Amino acid sequence: MKYLYSAGLLLATLAAPVLASAAPFQPNNIVVARVGDGSAALTTAATAVFLDEYTPAGRLVQSVALPTSITGNNFPLTANGTLTSELILTRSADGRYLVLTGYGTAPGTTVFNSAATDVARVIALIGADGSIDTSTSPGADAFDGASIRAAVTADGSSFYSVGSASGVRYQAFGTDTSTPLAPAPASVRAIGIGANNNLYLATTTSPYLGLSQVGTGLPTAASTVAVLPGFAGATDSSPNSFYFADLSADVPGVDVVYVADDRTTAGGGIQKWSLVNGSWVLSGTIAGSASTAVRGLGGRTVGTTVTLAATSAGGLFVLTDATGYNVAPSVVALPTAVATPGTNKAFRGAAMAPVVLAPTITSFTPATGAVGTTVTITGTNFTGATAVSIGGQAISGYTVVSATSITLVVPASVAASGPLTVVTPGGTATSTTSFSLALAAAASQALPGLALYPNPATDYVQVSLPQPGAATVALRDLTGRQVLAPQALPASQRLRLPASLAAGIYLLEVRQGSETAVRRIEKK
């Protein structure tokens, strides 16, 4: 049973329903974390949190409220209304989720310097489909008396979290304990996963000031934190969120990083760094202003063009840098904000909207089978599949076993061989090879009264139907290979046998209405 830090929370958990979902997010939109509902001035107490989805032009698409009470196994998620370093929003490395952190308590509760045994720290996982899960907590020994600022995930199965204390923590989804990976630096402002699947953090703590890498790859045990070469000398920087991009074919892995620097003096804004000869070099800065402290940052890369979404407490800024690797950004200063939060509200983190990944089919087994055969489809991103078909013929009884596996039983409604197709909210996948529908070697006795003559036959077979109505016919060899494609039986009820058809035993499939009969015929 999940430990919820107090008996009251535990009782509420056992009695509560399941957490609801928002509408699906739209690709290429921007999501901003907002604190406050506008009803009162922001204070240091726990305050309601929202995710605002905007188009790049700044049109509000939807506002999604994070829970403010316990629902099922899910915590509330609120934030300190005035602490600008909280609510850093990240997108998962695979692009399917957003991750946000906060406090597991109702609005109005004192959260500043609160004990983690009294107020749980919470990690929210928000899916591209709008689903929200706040069942994960780093535990009572993490961020105790401190704020939790950010977390990131590779694929929704585990998290790395950071805050004003406790260094970097690691845990599985849905758990209430976490493992310390790197106790120093203790205070971390932001954490992210680069396109090279390495883990990075931003801090103002010496000697780690700037950006650092945590271990190698995505660590799950104690790891060393190493300042990225070139950042060690940036003693006057104030880094927050960051976005890595791979813009040069000549430099392996990520080679450009944009960093939100919340200074309101020279050097503040969005810095662009490039990896040159193994060391990070400042290529230029998109300047902020005396009234604009940039902390939230998300990005999207297409070719060598990077679209950035940045936030200050008072605005959302959208800009494009197309200059590429190791060149100063094409924008010299932040443009006019495309959106503002409104009175008694404030923006915090920003990220590109999560997306549902398109499915792929890598294989299926068996390659051949008759009606009633169980087929297993293997691939990726099958979660939420809405349709499966064989040769364009819909299968109603399929089962999504996991994100990588679907099983189905070939129904009698499938009349022909063909490729397998899986449809999900993320797109459509079609197999590169066809499933071959085999008929049983024994004739079926469906459609009693059906007569075939002459049999053996040379040029044609007369198909005498047991009742009036249209019918389709097809011919297969004894292995199930189709030798005559399905066709409507002519009014004469005479099926011509191609002269090229070799002599032998065949299976004639006759479908009328909902019934399908199989009869053996001999071609002379």
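Things worth noting here:
- Among the residues listed as SER279, SER289, SER274, SER330, the single one being among the polar types (S, T, N, Q), buried (at least 21 other Cβ atoms within 10 Å of the Cβ) and over 30 Å from SER405 (Cβ atoms): SER274
- Positions within segment 167-176 being touching a strand residue (DSSP E or B) at 6+ places or on another chain (Cβ under 7 Å) and part of a loop (DSSP other than H, G, I, E, B), in sequence order: GLY167, PHE173, GLY174, THR175
- Whenever a residue of segment 350-367 is touching a residue at least 12 places away in the same chain (Cβ under 8 Å), its partners that are of a type in the set (Lys, Arg) and part of a strand (DSSP E or B), lying with C-beta atoms within less than 8 angstrom and at least six residues away or across chains, give the pairs ALA351/ARG91; MET352/ARG91; MET352/ARG300; PRO354/ARG91.
- Selection within segment 340-383 - aliphatic (A, V, I, L, M) and within 15 Å of GLY95 (Cβ to Cβ): ALA351, MET352, ALA353, VAL355, VAL356, LEU357, ALA358
- Among the residues listed as GLY58, GLY36, the single one being at positive phi and either surrounded by fewer than 21 Cβ atoms within 10 Å (Cβ to Cβ) or outside the structural domain of THR340 (by TED's automatic domain parsing) (or both): GLY58
- Looking across segment 357-375, the residues that are under 29 Å from PRO24 (Cα atoms) and surrounded by fewer than 15 Cβ atoms within 10 Å (Cβ to Cβ) come down to ALA358, THR362.
- Number of the exception - VAL294 against (1) touching a Phe, Trp or Tyr at 6+ places or on another chain (Cβ under 7 Å); (2) not charged (D, E, K, R); (3) not in a strand (DSSP E or B): (1)
- Flag if LEU87 is under 22 Å from the mean Cα position of the chain (by Cα), in a strand (DSSP E or B) and either in contact (Cβ under 8 Å) with a residue 60 or more places away in the chain or in the same structural domain as THR424 (by TED's automatic domain parsing) (or both): no
So that you can scan it fast, the table gives a plain yes or no per residue for (1) under 19 Å from ASN326 (Cα atoms); (2) among the aliphatic types (A, V, I, L, M); (3) assigned by TED's automatic domain parsing to the domain that holds VAL332:
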| site | (1), (2), (3) |
| --- | --- |
| THR220 | no, no, yes |
| SER223 | no, no, yes |
| ALA226 | no, yes, yes |
| PRO229 | yes, no, yes |
| PHE244 | yes, no, yes |
| ALA249 | yes, yes, yes |
| PRO252 | yes, no, yes |
| VAL257 | yes, yes, yes |
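- Subset of segment 228-248 that is aliphatic (A, V, I, L, M) and at pLDDT below 95 - its residue that is farthest from THR285 (Cα to Cα): ALA232
- Across segment 510-524, the qualifying residues are those that are over 18 Å from LEU437 (Cβ atoms) and under 52 Å from the mean Cα position of the chain (by Cα), and the one among them that is surrounded by the most Cβ atoms within 10 Å (Cβ to Cβ) is GLN512.
- Top-ranked residue of segment 266-291 - restricted to ones that are modelled with pLDDT of 95 or more and polar (S, T, N, Q), ranked as farthest from THR84 (Cα to Cα): ASN277
- For the condition closer than 26 Å to ARG34 by Cβ and not in a strand (DSSP E or B), THR320 does not qualify.
- Whichever residue in segment 448-477 is of a type in the set (Gly, Ala, Ser) and assigned to a loop (DSSP other than H, G, I, E, B) and, among such residues, is nearest to LEU437 (Cα to Cα): ALA471
- When ALA385 is tested against (1) surrounded by 15 or more Cβ atoms within 10 Å (Cβ to Cβ); (2) out of contact with any Ser or Thr (no Cβ under 8 Å at 6 or more places or on another chain); (3) free of Cβ contacts under 8 Å to residues at least 40 places away in the same chain, only condition (2) is not met.
- Set side by side, the residues LEU495, LEU489, LEU507, LEU501 differ, and just one is touching a residue at least 40 places away in the same chain (Cβ under 8 Å) and within 28 Å of PHE435 (Cα to Cα), which is LEU507.
- Residues of segment 215-257 satisfying the condition of being under 23 Å from the mean Cα position of the chain (by Cα), of a type outside the set (A, V, I, L, M, F, W, C) and surrounded by 17 or more Cβ atoms within 10 Å (Cβ to Cβ): PRO219, SER241, TYR243, ASP246
- Filter result for ALA403 (under 30 Å from the mean Cα position of the chain (by Cα), surrounded by fewer than 16 Cβ atoms within 10 Å (Cβ to Cβ) and farther than 30 Å from ALA499 by Cβ): no
- Leading residue by the ranking (farthest from ARG300 (Cα to Cα)) among those in segment 172-196 that are touching a Gly at 6+ places or on another chain (Cβ under 8 Å) and buried (at least 24 other Cβ atoms within 10 Å of the Cβ): SER178
- Some residue of segment 63-78 being under 21 Å from ASN113 (Cβ atoms) and among the aromatic types (Phe, Trp, Tyr): yes
Rundown of residues vs (1) aliphatic (A, V, I, L, M); (2) under 24 Å from ASP144 (Cβ atoms); (3) assigned to a strand (DSSP E or B); (4) under 18 Å from the mean Cα position of the chain (by Cα), yes/no style:
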residue: THR82; (1), (2), (3), (4): no, yes, no, no
residue: GLY102; (1), (2), (3), (4): no, yes, yes, no
residue: GLY108; (1), (2), (3), (4): no, yes, no, no
residue: ALA116; (1), (2), (3), (4): yes, yes, no, no
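- Qualifying position, being more than 30 Å from LEU51 (Cα to Cα) and touching a residue at least 12 places away in the same chain (Cβ under 8 Å), among TRP280, TRP273: TRP280
- Scanning segment 128-166 for residues that are modelled with pLDDT under 95 and in a strand (DSSP E or B) yields no hits at all.
- Residue in segment 487-504 that is modelled with pLDDT of 90 or more, within 18 Å of SER413 (Cα to Cα) and part of a strand (DSSP E or B) present: yes
- When restricted to residues that are of a type in the set (A, V, I, L, M, F, W, C) and part of a loop (DSSP other than H, G, I, E, B), segment 338-349 contains 1.
The values are calculated or read from the model by the stated rules, or taken from the named source; none is laboratory data. For clarity, every value in this text was computed on a predicted model and none was experimentally measured. No Cβ is skipped: glycine too gets one built from the backbone with ideal geometry, and neighbour counts run over all protein chains shown.
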